[in-house]
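A.B. asks: My structure is below; once you've seen it, I'll send some questions.
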Amino acid sequence: MNRPRRVAVSAPPGSGPRARPLPARPTPDTLLEPGRAAQARAVRRAQLRRAGWTLACGAVLLLGVPVLFWLAPGLTLTRALGLPVGWMVVAFAPYPLLALLAWWHLRAAERLERPDGPGGTENGTDHR
Amino acid sequence: MTAAAVVALLLVTVLIGARGVAAMRTTSDFLVASRRTSPMLNAAAVSGEYLSAASFLGVAGLVIKEGTGALWYPVGFTAGYLLMLALVAAPMRRTGALTVPGFAEARLGSRSLRRFCAVVVVVIAVLYLVPQIVAAGQLLTLVSGVDYWVGVVVSGLAVGVTLALGGMRAATYVQAFQFALKLLLFAGPAIFLLLLAGPQLRAEMAAPPEFTHFTRETPVDFRLDTDLVLTAPTLVAIDGVPTELGRGGHEARADQVWTFPAGAPVPELGGDRASLPVPGGEDWALPLLGTGDTTPVLATWSVLVATALGTMGLPHIIVRFHTSPDGRGARRTAAITVAMLGAFYLFTIVYGLLGTVLTPELYLSQGTDTAIVTLPGRITEGGTAATLTALLTAGAFAAFLATSLGLLLALSGALAHDLMPSGLRRLRLTALAASAAVVPAALLMVRVDISAAVTSAFTVAASTFCPLLVLGLWWRGLTARGAYAGMVTGLASSAGAMALGAALALPGTAGMLLAQPALWSVPLAFLVMIVVSLGDHVPPWAEDTMLRLHLADRD
């Protein structure tokens, strides 16, 4: 783990409300050029779809299990290795599953941002 | 020994904090550690900041009081970072705004919205900070015999001074150190206690006997006024005075100690606690919340929604992602945090089950928040027990300190940066002033239930900042007016419902939905935000501002 060199970064001149009376809205010369804007739209849509899948999996996992417990309370009290199955499902199972889901999402989200990701790369920036 | 451990911890915290002073120059330095923190270090800092009293002590205590369903709390706490990872971390970091109020202004171009967000930050931070300090005071009272106010003043001072000296740059190192410390002090004693426990106790942990009779002479030190229903006449020593109590309802006053003889039947809880499951009973063993008298699936969902969605809205956590150098770093930080928190929470059940077997009487006294530190003394004795208690106390104290540092930073940031003109000197003074203001509040609120207060902070955060962030980062159509309307609705409905729920104390599902409103207040806030925005005029620059948050970082 190599940490980047520390650089003193100061707040943008006057980020307090009184020091900067105008909100930070883009002026015409800072607007995204059409190519970049199209790329951003494509990336946003792809990221949103990816996030939707990840969160759907997470929701099924977290919100579904209580329903299962409620429908089959006897099942949760069946013992395996001495402990009720239901306790293990709540106390141990979610954490590796969530970590796996997080890892899966991270990889996919970073892949979407690579130059060969959605929207292509008209300006060929290498961001690795 | 315990006092020495806590003093050592305080010293190390202040020293690490002081180390940050030398290089600190600007407000940005103070707030976000100059944005040069690696994902691994930052994730440790996020976890260190996030694991509060509610995680270290509260959840295990809740297992005794509310049953194994309480194990859903840490699942929600962890899942919050999955949402953070998928929806918030990268684009939020790319806004370049220092705080949530700053984000609101940069994205929606409204200074009044920024001020309103700062007010919400203050509400959430106070709801979260006061119980931390309260818990610190109670813990010190229990383990070292000092007065409650001493513990409160000591912890308030330590947090305020560290922050004023080093700010968040210091806090990044402090928090990362605190995470390693907390993981060690939580997992180590858990494993050691399991080894010490012996086969019989371990077998009882797997199937805690129902708490129907006192197995030994048991003093119950009531934390709050408590209604009890005796099922048989019992000879109870009240503060040492033997008293014959008949069947039926009796009230135990706060701070009274009732000593029940061995073999006496355990009284039932009356009043608004009548619905709590009896430790070891069937309702207790079913891993769902609200198994007593509500709809368990809804009660469990409500807690999951509040904790998972509330995480992204906690102002002291969101600001932490700005210490990553770019959006990618922030996203990696969130992903690593999921794994780090999971590693910590795996050990919660050990304390919960040990507490249920060894200290079920805490379910009567409502003192479950301190169950963990009393456990070593029940399993072993002498030096080993004293050492384990000291280690656990130090870990719990680390939890209070770490969370309080972050909360105080968010609180003073909102006050000094958003509600007043910015400036480093003022920010430092605000940190001191805010901690000085929280201490008297903690002294007054000695009776607060820490887990309830912490969950209410999550609920308010989920009902206000969660919709603001999700819609603001992903939907070009969000307008300042829509955001305003949605957050006012979310704040009023969540805080209002919880206040009403506490005042009315309704039984059943209706009472649960008032006391734990996230299940409906969050969708309501989203709906209002969307509907009002749709009826409003979207400024032409809005799409551009939103889109550039999703472009890959480049140097």
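A.B. asks: Tell me which residues, restricted to the range A:33-65, are at the interface with chain B (Cβ under 7 Å from one of its Cβ atoms) and closer than 17 Å to A:L100 by Cβ.
C.D. replies: Matches in the range A:33-65: A:A51, A:T54, A:L55, A:G58, A:L62.
A.B. asks: Please specify each residue of the range B:42-80 satisfying the condition of being more than 7 Å from chain A (Cβ to nearest Cβ) and over 15 Å from the mean Cα position of the chain (by Cα).
C.D. replies: Passing the criteria: B:N42, B:A43, B:A44, B:A45, B:V63, B:I64, B:K65, B:E66, B:G67, B:G69.
A.B. asks: Here's something else I'd like to know. So, B:D293, is that one modelled with pLDDT under 90, charged (D, E, K, R) and assigned to a loop (DSSP other than H, G, I, E, B) or not?
C.D. replies: Answer is yes for this residue.
A.B. asks: Of the conditions (1) under 22 Å from the mean Cα position of the chain (by Cα); (2) more than 9 Å from chain A (Cβ to nearest Cβ); (3) surrounded by 22 or more Cβ atoms within 10 Å (Cβ to Cβ), B:F347 fails just one. Which one is it?
C.D. replies: (3)
A.B. asks: Another one. What number of residues within the range B:191-219 are touching an Asp or Glu at 6+ places or on another chain (Cβ under 6 Å) and among the basic types (K, R)?
C.D. replies: 0
A.B. asks: Also: Are any residues in the range A:66-87 more than 14 Å from B:W72 (Cβ to Cβ) and more than 7 Å from every other protein chain (Cβ to nearest Cβ), and if so, which ones?
C.D. replies: Of everything in the range A:66-87, those that are more than 14 Å from B:W72 (Cβ to Cβ) and more than 7 Å from every other protein chain (Cβ to nearest Cβ) turn out to be A:L71, A:A72, A:G74, A:L75, A:T78, A:R79, A:A80, A:L81, A:V85.
A.B. asks: Could you identify the single residue in B:S324, B:S365 that is at pLDDT below 95, over 27 Å from A:V89 (Cα atoms) and touching a strand residue (DSSP E or B) at 6+ places or on another chain (Cβ under 7 Å)?
C.D. replies: B:S365
A.B. asks: Related question: Can you spot a residue in the range B:530-537 that is within 14 Å of chain A (Cβ to nearest Cβ), closer than 21 Å to B:V100 by Cα, part of a helix (DSSP H, G or I) and of a type in the set (A, V, I, L, M)?
C.D. replies: no
A.B. asks: Being polar (S, T, N, Q) and at pLDDT below 90 is the requirement here; does B:T359 meet it?
C.D. replies: In short, no.
A.B. asks: Taking the range B:135-152, which residues are of a type in the set (V, I, T) and surrounded by 18 or more Cβ atoms within 10 Å (Cβ to Cβ)?
C.D. replies: B:T141, B:V143, B:V152
A.B. asks: Could you tell me whether B:L62 is within 20 Å of B:P325 (Cβ to Cβ) and not charged (D, E, K, R)?
C.D. replies: So B:L62 fails the test.
A.B. asks: Scan the range B:192-208 and tell me whether some residue there is more than 14 Å from chain A (Cβ to nearest Cβ) and assigned to a loop (DSSP other than H, G, I, E, B).
C.D. replies: Checking the range B:192-208: not a single residue is more than 14 Å from chain A (Cβ to nearest Cβ) and assigned to a loop (DSSP other than H, G, I, E, B).
A.B. asks: If you check A:W87, A:W53, which single one turns out to be out of contact with any helix residue (DSSP H, G or I) (no Cβ under 6 Å at 6 or more places or on another chain), at pLDDT 85 or above and either in a loop (DSSP other than H, G, I, E, B) or not basic (K, R) (or both)?
C.D. replies: Result: A:W53 is the single residue among A:W87, A:W53 that is out of contact with any helix residue (DSSP H, G or I) (no Cβ under 6 Å at 6 or more places or on another chain), at pLDDT 85 or above and either in a loop (DSSP other than H, G, I, E, B) or not basic (K, R) (or both).
A.B. asks: Tally the residues that are facing another protein chain (nearest Cβ under 8 Å), outside any helix (DSSP H, G or I) and either buried (at least 24 other Cβ atoms within 10 Å of the Cβ) or under 27 Å from the mean Cα position of the chain (by Cα) (or both), restricting the search to the range B:88-117.
C.D. replies: Within the range B:88-117, residues that are facing another protein chain (nearest Cβ under 8 Å), outside any helix (DSSP H, G or I) and either buried (at least 24 other Cβ atoms within 10 Å of the Cβ) or under 27 Å from the mean Cα position of the chain (by Cα) (or both) number 1.
A.B. asks: Of all residues in the range B:460-514, how many are part of a helix (DSSP H, G or I), touching a residue at least 60 places away in the same chain (Cβ under 8 Å) and of a type in the set (S, T, N, Q)?
C.D. replies: The total comes to 3.
A.B. asks: Just to be sure I understand, how many residues within the range B:181-197 are within 25 Å of the chain's Cα centre (by Cα) and modelled with pLDDT under 90?
C.D. replies: Residues flagged as within 25 Å of the chain's Cα centre (by Cα) and modelled with pLDDT under 90 within the range B:181-197 amount to 1.
A.B. asks: For the range B:330-343, indicate whether the set of residues that are more than 9 Å from every other protein chain (Cβ to nearest Cβ), out of contact with any His (no Cβ under 6 Å at 6 or more places or on another chain) and β-branched (V, I, T) is non-empty.
C.D. replies: yes
The values are calculated or read from the model by the stated rules, or taken from the named source; none is laboratory data. Just so it is clear, the model here is predicted, and its values are computed rather than measured. Cβ sites come from the backbone with ideal geometry, for glycine too, and all protein chains shown count toward neighbours.
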